[in-house]
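First the structure, in the form of C-alpha cells, and then the observations on it.
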Amino acid sequence: MNKNLLIVGNGQFAGMAYEVAEHMGCFEKIDFLYDGMQEAVGDLKDMERLSVKYSYAIAAVEKVQERLDLTRKLEESCYRIPVLVHPKSHISKGSSLFKGVIVQSMAVVQGGATLCNNVFVCAGTVVGSKAQHGAQPPRHCPNPK
C-alpha cells in the first residue's frame, strides 16, 4: 500500500487539509481532486480510477453533509480515510478522533472529548473535556482511528 493522499475539495478547507498533511510528514505524495480545479489531478468522476495511485483520501469541503457524502463515496472506492493532526497541536489521552477529522496547529483536544467523522478543528481552538462534536451523535460514530 502506498502512502499517497488525495484531498477531495477546493478552497480553504482543502488548503487547511493540505497544510496539516504536509506538516505531518507521513505522506509520500499529496494531491487534490475536485471538479474544475486547475491544480487537481482529476475531477470527482475520476475518484474510483485514482484509488490505485492513492491509498488515502479525505473530504475537505465546507458543507458538512457534502463532506460526509464524499467520505462515504471514498470508502466505497476503497480509500482509507485518515485523521490529520498537525504536529504542533495537542491531543490528550482519552480523547476520540474519528475518520476524516482534521486538527490544525496549536489546537488542544482535551481528554474525554469526542470528535465524530469529518470534524475540522481550527488553529488555536480548545475542545473541552467531555465535549462531543460532529454531524452525528457520538453513539453513531464508528470505531475511532
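The values are calculated or read from the model by the stated rules, or taken from the named source; none is laboratory data. Computed from a predicted structure; not experimentally measured. With ideal geometry, Cβ positions are generated from the backbone for all residues, glycine too; neighbour counts draw on all protein chains shown. Note: areas computed on protein heavy atoms with side chains; ligands, DNA, RNA excluded. Shrake-Rupley method; radii C 1.70, N 1.55, O 1.52, S 1.80 Å.
The set of residues from region 1-28 being of a type in the set (D, E, K, R) and either closer than 16 Å to residue 63 by Cβ or touching a residue at least 12 places away in the same chain (Cβ under 8 Å) (or both) comprises 3, 19, 28.
Total residues in region 102-111 satisfying the condition of being open to solvent by less than 30 Å² (accessible area, probe 1.4 Å) and without any contact (Cβ under 8 Å) to a residue 24 or more places away in the chain: the figure is 3. Figure legend. Inter-residue proximity from region 29-51: first residues touching a residue at least 24 places away in the same chain (Cβ under 8 Å) and closer than 13 Å to residue 11 by Cβ, second residues outside any loop (DSSP other than H, G, I, E, B) and of a type in the set (Phe, Trp, Tyr), beta-carbon distance below 8 Å, spacing 6+ or different chains. Indicated pairs: 32/18; 40/32. Only a single criterion out of (1) open to solvent by 30 Å² or more (accessible area, probe 1.4 Å); (2) without any contact (Cβ under 8 Å) to a residue 60 or more places away in the chain; (3) touching a Lys or Arg at 6+ places or on another chain (Cβ under 6 Å) is not satisfied by residue 117, namely (1). Scanning region 45-66 for residues being more than 11 Å from residue 7 (Cα to Cα) and open to solvent by less than 90 Å² (accessible area, probe 1.4 Å) gives a total of 6. All conditions in (1) touching a Lys or Arg at 6+ places or on another chain (Cβ under 6 Å); (2) open to solvent by less than 30 Å² (accessible area, probe 1.4 Å) hold for residue 77, with the sole exception of (1).
Looking only at residues of region 3-26 that are at pLDDT 95 or above, over 12 Å from the mean Cα position of the chain (by Cα) and open to solvent by 40 Å² or more (accessible area, probe 1.4 Å), we find that the one that is nearest to residue 52 (Cα to Cα) is 3. Filtering region 45-81 to residues that are touching a strand residue (DSSP E or B) at 6+ places or on another chain (Cβ under 7 Å) and within 19 Å of residue 26 (Cα to Cα) leaves 53, 54, 55, 56, 57, 58, 59, 60, 79, 80, 81.
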